[in-house]
1. For the stretch B:557-696, evaluate the Debye formula with one uniform point scatterer on each Cα (no solvent term) and list log10 I(q)/I(0) at q = 0.12, 0.17, 0.19 Å⁻¹, rounded to two decimals.
2. Rg/Rh for the stretch B:647-696: what does it come to with C-alpha atoms and Rh from Kirkwood?
3. Can you give me the C-alpha center-to-center distance between the stretch B:118-194 and the stretch B:662-696, rounded to a whole angstrom?
4. Distance between the C-alpha centers of the stretch B:268-334 and the stretch B:471-505? Whole Å please.
5. Over the stretch B:298-358, what lengths in whole Å, largest first, do the semi-axes of the equivalent ellipsoid take, defined as the square roots of 5 times the eigenvalues of the alpha-carbon gyration tensor?
6. Tell me the label-point distance for the pair A:Lys35, B:Asp638, using the 7 Å Cα-to-Cβ offset, in nm and rounded to one decimal.
7. Rounded to the nearest angstrom and ordered from largest down, what semi-axes does the equivalent ellipsoid of the stretch B:370-468 get from its C-alpha gyration tensor (root of 5λ)?
8. Which one, B:Gln94, B:Ser123, B:Phe196, is farthest towards the positive end of the dipole of the protein assembly as shown when Lys and Arg carry +1 and Asp and Glu -1 on their Cβ?
Amino acid sequence: MNKFKTLSLALCSATILLASSCSKNNDTPIVEVSKLSTKTVADLDGSTGAVYYSLSTGAQVTGADTATNKWDLKFKSTSIFVNSGTSGTGTTQAQVVSSTFETLTAAPADGYKADATGANAITGWYTYTADTAPQHAILTVPGKILVVKTSAGNYAKVEIISYYKGNPNTTTADFADLTKRPASRFYTFRFAYQGDGTTSFK
Amino acid sequence: MQIKIILCFLLQVSAVGITAAQKADSLKKDSAKQLKEVVVTGTRTQKSLQQVPIPITRITSEEIKKKGLIRLNEVLSEQTGMTILDDPHGQGIQIQGFDPAYTLILIDGLPLIGRTTGIFELSRITTNNIDRIEIVKGPTSSLYGSEAMAGVVNIITAEPAKGLAGGLSARYGTNKTADLSLNSSYKTEKFYISGFVNRYSSGGYSLETASGIPTVSPFEGYTLNGKTSYKIDNNTTLKLSVRYYTNDQDSRFLVDTRYAAGTGTEKDFNIAPVITHRFSDKVFSTLQLYRSTYKTNSDVRYEDDNSVYDQTYFNQAFNRAEIQNDYAIQDNLKLTAGLGGQYETVEATRYTKLQSFTSGYGYFQADWLPVKKLDIIAGGRYDAHSVYKSQFSPKLAVSYALTDKFTLLGSVGKGYKAPDFRQLYLNFTNAEVGYSVFGYEEANAGIQRLQQEGQIESVLIDPSTLKRLNAESSTAFNFGFRYKPTEKLYWTANLFRNNISNLIETAPIAIKTNGQSVFSYFNLNKVFTQGVETDLSYQLFKPLQIAGGIQYLEAYDQDVLDQIKAGKVFTKDPTTNLTKVIKRSDYGGLLSRSKYTYNVRLNYQDEKTGINTSIRVIYRGRYGYKDTDGNGIVNRADEYTKGYVLVNASLSKMFLKDAIRLQFTAQNLLNYKDSQVILNLPGRLIYAGLAYNFNK
């Protein structure tokens with residue numbers, strides 16, 4: 001009995017230690033030389049229309065600011081626009097890179113595009129399932145990392161995680177059921193923004 | 001009600017002929033016992049089943065009858081290492097992990113045409129009036145040419161018994177599915193003529209009954225078959241066989257919010273005159289002519305205003321002349337050589353004009369037994385074609401009898417599949433979605449036409465730079481054994497590996513202004529399939545036979561494996577939706593391939609009462625059927641179906657000295673259904689059948 005007690009105690013304390021150390025890391029990202037900030041945005045609400053986001057401030061952009069170059073990404077239904085060309089007054093450019101979020105440690109030196117008519121810089125981040133179960137769903141494609149060069153010339157990497165409210169598991173029966181499926185056009189994504197102007201994501 | 005009427009009718013008919021009903025089945029049994037188990041498909045010459053050095057399965061008519069099976073798809077679905085695929089274009093067969101397009105279906109050695117996207121609908125073929133079915137797995141293309149990459153299913157029709165013979169058989173059951181056959185034959189010393197009529201119909205079924213839309217629509221098909229032979233003298237025989245099949249199927253489905261309905265007709269006609277002549281003890285020649293046509297016609301209209309939804313036709317013709325010489329140089333060395341020419345045409349709604357192929361071929365085979373225990377077969381075939389590159393397909397097969405009871409066999413050979421009419425000549429634009437598909441030969445003209453019409457946004461690949469479409473090809477390795485220690489036990493096993501290259505796939509060549517793509521065909525992928533298959537049957541005690549078989553199969557795309565190795569294939573974790581890198585072990589291989597399939601078969605035959613009971617359990621392991629995480633491959637649990645078990649059983653009793661067989665058959669007794677994924681499983685099927693044969 002005693003053995004069990006000590007064992008469970010040890011396990012408990014280990015878990016607590018581990019958990020606390022983890023959360024510490026999350027709360028204060030180590031900003032030493034690099035100015036990298038990492039953030040996960042949950043359920044950015046685009047259900048009533050286009051929604052604008054600034055990667056440098058890590059916040060939604062609204063009102064008159066949406067007509068300026070203060071935003072980087074604009075989400076409207078299944079389209080993601082960058083603030084340039086046919087989409088905005090800024091010079092934000094982007095490209096889509098095949099990688100995991102973690103293993104992309106540097107932004108490519110070139111290959112960035114501005115938005116143009118019928119040719120957005122960001123494409124191919126989702127698939128539409130049509131008649132295949134789960135029917136009529138927008139599913140994010142794995143390994144599609146959006147690399148953005150902002151109007152200020154800073155680099156960010158973005159992974160789109162979900163198109164549905166609450167980032168649901170899309171393999172469940174509930175998700176397949178159109179009457180139970182969470183609302184769409186709620187964007188969950190994570191990004192890392194490098195504020196020092198280098199291409200490094202370390 | 002209907003079933004009762006039919007049964008009554010049949011009983012009356014059979015009562016009339018009872019006196020004549022004496023020897024029919026019993027005679028057959030005796031002669032069958034005396035005959036050695038001979039197969040012809042592997043080498044195009046008669047060989048003993050134990051000796052032939054390539055994997056071959058032989059299914060006798062008696063076995064099929066005992067199981068209460070009638071259509072070819074029913075028979076093949078119960079064989080070890082064979083899987084009937086569920087596809088909207090028909091029920092085709094998967095052998096050694098190959099799609100249905102790679103198995104040739106033959107009747108008496110002659111190829112049947114009429115495939116939809118490569119699939120040959122097997123229920124078109126009745127097993128009425130056959131002697132046996134031979135299935136060869138692996139590289140047989142060296143004798144049969146294109147399409148025989150995975151193997152060959154050869155239906156050998158029965159030779160009539162002497163005198164006047166005839167019979168009637170009927171099966172009726174679930175979904176108003178009825179199969180009726182009427183056979184008769186007459187044979188003398190020099191001459192025979194035989195024929196049958198078969199009617200196969202069904203009320204269809206719906207897996208989504210609430211929708212009012214049938215999964216399989218009602219159909220009604222007829223097969224007429226005639227065969228005659230005349231021995232001019234001891235050395236020369238003339239033969240003629242004719243087969244006609246027609247099928248009408250109603251269809252009804254939902255297009256957006258409107259219902260469309262119509263009828264599709266399918267017609268299939270074959271005629272094959274043959275003359276054989278024995279020049280001497282050593283030289284035997286066969287001159288064979290063959291013409292086969294396949295026609296479909298479909299007219300589907302909207303129900304509300306009777307306007308046309310889809311009107312299509314498809315006419316295909318295949319003509320062949322072939323001469324084969326068999327030359328026995330010595331007792332232990334036999335040569336076979338053949339020459340042939342083929343002319344094929346197709347004319348269809350989706351083709352610009354009548355298209356034709358001309359091809360010629362020659363094949364050669366030496367069957368040499370340097371010592372009694374060793375059989376070496378070497379051969380090859382050369383195909384010259386008017387449209388695609390010529391093909392040479394060599395083969396080497398060896399069997400060695402370690403003992404009288406144990407034979408080792410191994411073979412290596414090349415197979416190929418020619419680009420079909422669709423891949424060369426298709427000219428199709430989907431009216432609803434707006435994409436276009438052009439065959440290789442049509443791509444240039446098609447793109448130019450669309451450009452002139454202002455429909456092309458950008459050209460991805462200049463069609464004038466397209467590489468000439470090449471045949472798909474494979475190299476196959478088979479190694480196995482046959483073991484027959486006693487009359488009671490028979491055990492076979494085969495290891496296989498198929499390296500397939502130049503697989504023809506579609507890829508976009510241009511983007512249209514409507515955002516859709518224009519596709520054409522390319523030689524793209526390299527895939528391989530490998531696995532092992534084993535089958536064992538054992539007569540446990542006199543009336544009870546137990547048998548079973550297993551296949552383990554791997555089928556992978558080599559390019560995907562390379563991508564995985566390079567860490568370039570990703571998935572999403574279903575709980576977090578974050579990207580992960582895929583490992584080799586996550587990759588589920590090609591779609592629709594089950595890693596594990598097995599079957600267990602029991603047969604109990606009571607000689608005294610004439611009662612035969614047969615139970616078969618067929619398992620098909622899980623298989624990938626879709627890609628939901630957007631990486632184009634099967635890897636996540638939700639991309640697989642569940643594995644499932646089918647239990648089929650039949651109970652029959654013979655009456656009146658084996659002249660009458662009364663039978664109850666059940667398929668899918670456990671009523672397994674998956675209305676989302678598996679559309680060819682309508683649930684439990686119960687049939688009652690009655691057959692009557694006479695011979696005098």
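1. -0.66, -0.96, -1.08
2. 1.22
3. Each part reduced to its Cα centre gives a spacing of 19 Å.
4. If you average the Cα positions of each part, the centres end up 27 Å apart.
5. 49, 13, 6
6. 4.0 nm
7. Equivalent ellipsoid semi-axes, largest first: 50, 15, 10 Å.
8. Of the candidates, B:Phe196 comes out farthest on the positive side.
The values are calculated or read from the model by the stated rules, or taken from the named source; none is laboratory data. Note that the structure is a prediction, hence the values are computed from the model and not measured. We place every Cβ from the backbone using ideal geometry, glycine too, and count neighbours over all the protein chains shown. In case anyone asks, the SASA skips ligands and DNA or RNA and just uses the protein heavy atoms, side chains included. Shrake-Rupley method; radii C 1.70, N 1.55, O 1.52, S 1.80 Å.
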